Amino acid sequence: MSTQLITQIMTGLRFRYPALNDIHYEAGWTDSWCHRRCTHAHKTLIEAAKCGMPQGAGWYVFAVERGEPRELLAAENSVVERFRFGK
């Protein structure tokens, strides 16, 4: 799936289901065996990935949905991995 298609799908879903607007993305990373997070409310996966990338090799992106952190869905993770590895 292309990034543009995923963006269009998510935009449509957020328009139809306002509760989906309660989602944002954050960058996380490990630093001296401690988990850190940026605490920014990034609207897109790529924004969060760009925030995490300068933190070193151990960065990742996670979603925060209605105040609760969760793992990325497969389609979301695919977007981040394409950004990370340029595939």
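Bear in mind these aren't lab numbers, they're just calculated from the coordinates by the rules spelled out. Just so we're clear, the structure is a prediction, and the values are computed from it rather than from any experiment. Please note: Cβ atoms are built from the backbone with ideal geometry, for glycine as well, and neighbour counts cover all protein chains shown.
At-a-glance table
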| item | result |
| --- | --- |
| Candidates per chymotrypsin sites (Phe, Trp or Tyr not before Pro) in the range 1-56, loop by DSSP, up to 14 other Cβ within 10 Å | 33 |
| Relative contact order computed over the chain (Cα-Cα under 8 Å; 6+ residues apart), in percent | 27 |
| Under 5 Å, built H, 5+ apart or other chain: amide partners of residue 40 | 27 |
| Other-chain or far-sequence residues with amide H under 5 Å of residue 61's (modelled H) | 28 |
| Principal axis dimensions, the range 1-71 - Cα atoms, whole angstrom, descending | 43, 26, 16 |
| Förster-model FRET efficiency, 22 Å R0, residue 22 and residue 81, C-beta, rounded to 0.05 | 0.30 |
| In the chain, GluC sites (Glu not before Pro) in a DSSP loop with at most 16 other beta-carbon atoms within 10 Å | 71 |
| Rounded tilt (10° steps) of 3-16 against the dominant C-alpha axis of the chain | 60 |
| Extended-chain gain in nm, criterion 0.36 nm per residue less alpha-carbon gap, residue 65 and residue 32 | 9.1 nm |
